[in-house]
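Enquirer: Provided herewith is a single structure, encoded as structure tokens, for subsequent inquiry.
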Amino acid sequence: MRVEVQEKVLSENDKLALGLRERFRAHEVFCVNLISSPGSGKTALLERTLEALPKTARVAVLTGDLQTENDARRLARAGFPVKQITTGDTCHLDANMVIKALADWDLDAIDILFIENVGNLVCPTSYDLGEHAKIVVLSVTEGEDKPLKYPAIFAVAELCILNKVDLLPYVPFDLRQAIANVRQVHPGMEVVETSCTQARGLESWLGWIERRRAQVMKP
Ligand SMILES: Nc1nc2c(ncn2[C@@H]2O[C@H](COP(=O)(O)OP(=O)(O)OP(=O)(O)O)[C@@H](O)[C@H]2O)c(=O)[nH]1
Ligand SMILES: [Mg+2]
């Protein structure tokens, strides 16, 4: 008799991410991983988010880029803990970078951890950071075909933020087709339309965070 044993071989990153996920669970930290092309508005969305939260909110941000501390500087203005991870020539964050960045933070003092990944619609998709949800940001200047061209991130993300809707009158972007493309790759996927320059759609986004966090924290 032949018995087939199928065992998923965990990569080194997966093992570290499992450890991170366990730490987030133990310290009751809700963690989201924001992924998009460069310039879709990840930092702008986080700026508006931090501004909208009460000063007493226990939130923190890790932000990844190949070079510069620009995003950390922008985000630190809101007064919450922020740390930049500069990856040099690496096109994504990995679990080890997150572990190192968290080393001197007290996770018991954090309820929500936002991780802004390096701007890239491909590489960050396959690196688990121990997050509870990946969120993909697509902006209207990128073209409505991107979910079909880069399906992997749209397939695994729980939520699609469709950003820069204030520019819709000026760019040839078919909003209905874009949403149809998102849902062709990921049936039923929730889409929230935002403008970070006009602070539109933020209530829906903040509502999603609250609902999803409550789900994750349910005993
Ligand atoms: N018109 C408009 N511009 C926006 C919006 N959101 C962001 N921007 C602009 O788009 C540019 C890029 O925004 P960022 O927030 O830096 O984008 P990002 O995704 O963080 O970029 P990287 O970190 O480099 O990947 C900036 O000039 C923003 O001001 C929006 O909703 N509407
Ligand atoms: Mg950014």
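The values are calculated or read from the model by the stated rules, or taken from the named source; none is laboratory data. Keep in mind the model is a prediction, meaning the values are calculated, not measured. All Cβ positions, glycine included, derive from the backbone under ideal geometry; neighbour counts span all protein chains shown. For accessibility, only protein heavy atoms count, side chains too; no ligands or nucleic acids. Shrake-Rupley method; radii C 1.70, N 1.55, O 1.52, S 1.80 Å.
Enquirer: Filter segment 53-67 down to the residues that are over 17 Å from residue 213 (Cβ atoms) and either within 16 Å of ligand 1 (Cβ to nearest atom) or surrounded by 24 or more Cβ atoms within 10 Å (Cβ to Cβ) (or both) and list them by number.
Expert: If the condition is that a residue be over 17 Å from residue 213 (Cβ atoms) and either within 16 Å of ligand 1 (Cβ to nearest atom) or surrounded by 24 or more Cβ atoms within 10 Å (Cβ to Cβ) (or both), then 62, 63, 64, 65, 66, 67 are the ones that fit.
Here's the yes/no breakdown for (1) under 18 Å from the mean Cα position of the chain (by Cα); (2) charged (D, E, K, R):
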{"position": "30", "(1), (2)": "yes, no"}
{"position": "49", "(1), (2)": "yes, no"}
{"position": "65", "(1), (2)": "yes, yes"}
{"position": "91", "(1), (2)": "yes, no"}
{"position": "107", "(1), (2)": "no, no"}
{"position": "113", "(1), (2)": "yes, no"}
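Enquirer: For segment 68-75, does any single residue satisfy the condition of being surrounded by 21 or more Cβ atoms within 10 Å (Cβ to Cβ), touching a residue at least 24 places away in the same chain (Cβ under 8 Å) and either of a type in the set (A, V, I, L, M, F, W, C) or on the phi > 0 side of the Ramachandran plot (or both)?
Expert: Within segment 68-75 (the criterion being surrounded by 21 or more Cβ atoms within 10 Å (Cβ to Cβ), touching a residue at least 24 places away in the same chain (Cβ under 8 Å) and either of a type in the set (A, V, I, L, M, F, W, C) or on the phi > 0 side of the Ramachandran plot (or both)), the answer is yes, since at least one residue qualifies.
Enquirer: Restricting to segment 167-183, what's the tally of residues that are touching a residue at least 12 places away in the same chain (Cβ under 8 Å), assigned to a helix (DSSP H, G or I), closer than 25 Å to residue 152 by Cβ and of a type in the set (A, V, I, L, M, F, W, C)?
Expert: 4
Enquirer: What number of residues within segment 151-176 satisfy the criterion of being of a type in the set (Lys, Arg) and either within 12 Å of ligand 1 (Cβ to nearest atom) or open to solvent by less than 40 Å² (accessible area, probe 1.4 Å) (or both)?
Expert: Residues of segment 151-176 that are of a type in the set (Lys, Arg), as a first pass: 164, 176.
Adding the requirement that they be either within 12 Å of ligand 1 (Cβ to nearest atom) or open to solvent by less than 40 Å² (accessible area, probe 1.4 Å) (or both) leaves 164.
Result for segment 151-176: 1.
Enquirer: Please specify each residue of segment 79-126 satisfying the condition of being of a type in the set (A, V, I, L, M, F, W, C), over 14 Å from residue 20 (Cα atoms), open to solvent by 20 Å² or more (accessible area, probe 1.4 Å) and free of Cβ contacts under 8 Å to residues at least 40 places away in the same chain.
Expert: 82, 91, 122, 123 - these are the residues of segment 79-126 that are of a type in the set (A, V, I, L, M, F, W, C), over 14 Å from residue 20 (Cα atoms), open to solvent by 20 Å² or more (accessible area, probe 1.4 Å) and free of Cβ contacts under 8 Å to residues at least 40 places away in the same chain.
Enquirer: While we're looking at this one, here's another question. Of the residues 123, 196, which is within 16 Å of ligand 1 (Cβ to nearest atom) and touching a Gly at 6+ places or on another chain (Cβ under 7 Å)?
Expert: Answer to the check: 196.
Enquirer: Still on this structure: For segment 39-83, which residues satisfy the criterion of being in a helix (DSSP H, G or I) and among the basic types (Lys, Arg)?
Expert: Hits for segment 39-83 are 42, 48, 73, 74.
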